[in-house]
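Here the structure is laid out as structure tokens; the discussion comes afterwards.
The values are calculated or read from the model by the stated rules, or taken from the named source; none is laboratory data. The model shown is predicted, which means the values in this text are computed figures rather than measured ones. With ideal geometry, Cβ positions are generated from the backbone for all residues, glycine too; neighbour counts draw on all protein chains shown. Keep in mind that these areas ignore ligands, DNA and RNA; they rest on the heavy atoms of the full protein, side chains included. Shrake-Rupley method; radii C 1.70, N 1.55, O 1.52, S 1.80 Å.
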Amino acid sequence: MPAMIGTWQMCFEGLQEGYAILQNGGTAGDAVQTAIMRVEDNADYNSVGFGGLPAADGRVYLDAAWMDGNTLHMGGIMSAENIRNPIRAARLLCGRETNCLLAGRGAERFAVEQGLPMRDMRTEKSLAQWREELQKANRQMDAYREHDTVCMIALDDHGSMIVGTSTSGLFMKEPGRVGDSPIIGSGFYCDARFGAAAATGLGEDIMRGCLSYEIVSLMKRGASPDEACQQALYELVKSKVSLGEDEGSMSVIAMNAQGQYGAATTLRIFPFAAAKNAQPRLYAARGGKAGHAASSAAELKNEP
Ligand code: GLY
């Protein structure tokens, strides 16, 4: 039975398209690529792809990754410019024995060689926001609160499981800064025997807990996706709090080999979309107070 889950409300339309592919007997790979491209191409989403908010130098640097849970191969690009659909480059890199994770110019050259469409990812709106931010004396660099990395996990009828991620990263980041999204084990992990996980939020924090690998590891040891998400996030939050830090901005999703899914967050509310045995719906995970990252996949509503 196919299943799919994605991060944030912005993934909803893409997930609907991706799930339709799965229902028609298509592959998890085509479902994930279609769903993420839909977000990358939408200039209204300013943390992913076209229209993504620039780095401090006014340029847009893209991170994306792809992992095949049946082969354990991954592909990714980081800090790359002008690739219209970073997820396509990441997918094409997946399966290479060497050179599967390319940064900057190398990633761009690969995309051009593969014939992928290139474009300036900046819009008038994103440049205006960048110029406005430049004027601010005390700039705060926070993780996005309403959207961030688009992450998708899909399981198809053939037993294939794929995870993909794509983001333009933090607004006003330093050029060259890379978050969790293209880093295996942190922003994503997938082993089709046990399940897959992906993360969104402040990459600098997510990487400290290798959150996605930890979640899959917990599912391997018998935890449900919801339990695994909560436990992995709780352990990291507990460490942060014991170090005198706040709980941070992190949200995670997971799916096991049976297509059951779950999520957890440190935010007050984290919307995600999912589908299994039914049409895609939007759900909300809810965070607890500091040190108690908790979630409940309480249904939010049927449409974004
Ligand atoms: N989670 C995306 C980033 O930190 O860049």
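Residues of segment 90-132 that are within 20 Å of the chain's Cα centre (by Cα) and open to solvent by 40 Å² or more (accessible area, probe 1.4 Å): Arg91, Leu92, Leu101, Ala103. Counting only helices (runs of 4 or more DSSP H) wholly contained in segment 178-252, the ones carrying 3 or more residues that are of a type in the set (A, V, I, L, M) and either open to solvent by 10 Å² or more (accessible area, probe 1.4 Å) or modelled with pLDDT of 95 or more (or both) occupy 211-220, 225-242. Residue count for segment 133-145, restricted to those that are part of a loop (DSSP other than H, G, I, E, B) and surrounded by 13 or more Cβ atoms within 10 Å (Cβ to Cβ): 3. Within segment 176-228, the set of residues being over 17 Å from Ala28 (Cβ atoms), within 12 Å of the chain's Cα centre (by Cα) and of a type outside the set (Gly, Ala, Ser) comprises Asp180, Pro182, Ile183, Ile184, Thr200, Leu202, Ile206. The number of residues in segment 33-51 being in contact with a Leu (Cβ under 6 Å, 6 or more places away or on another chain) and part of a helix (DSSP H, G or I) comes to 1.
Taken together, the residues in segment 181-197 that are out of contact with any Asp or Glu (no Cβ under 8 Å at 6 or more places or on another chain) and near the ligand (Cβ under 10 Å from one of its atoms) amount to 1.
Show the residue pairs that are 6+ apart or on different chains and have beta-carbon atoms under 6 Å apart, the first residue being within segment 2-16 and open to solvent by less than 10 Å² (accessible area, probe 1.4 Å), the second being of a type in the set (Phe, Trp, Tyr). As it stands, the answer is Met4/Tyr19; Ile5/Tyr261; Thr7/Phe272, since those pairs meet every condition given. Filtered by the rule that a residue be farther than 18 Å from Leu93 by Cα, aliphatic (A, V, I, L, M) and either assigned to a strand (DSSP E or B) or modelled with pLDDT of 95 or more (or both), segment 154-174 gives Ala154, Leu155. Output the residues belonging to segment 21-32 that are open to solvent by less than 40 Å² (accessible area, probe 1.4 Å) and assigned to a helix (DSSP H, G or I). Result: Leu22, Ala28, Gly29, Ala31, Val32.
Would you check which residues across segment 75-89 are among the hydrophobic types (A, V, I, L, M, F, W, C) and open to solvent by less than 20 Å² (accessible area, probe 1.4 Å) and list them? Result: Ile77, Ala80, Ile83, Ile87, Ala89.
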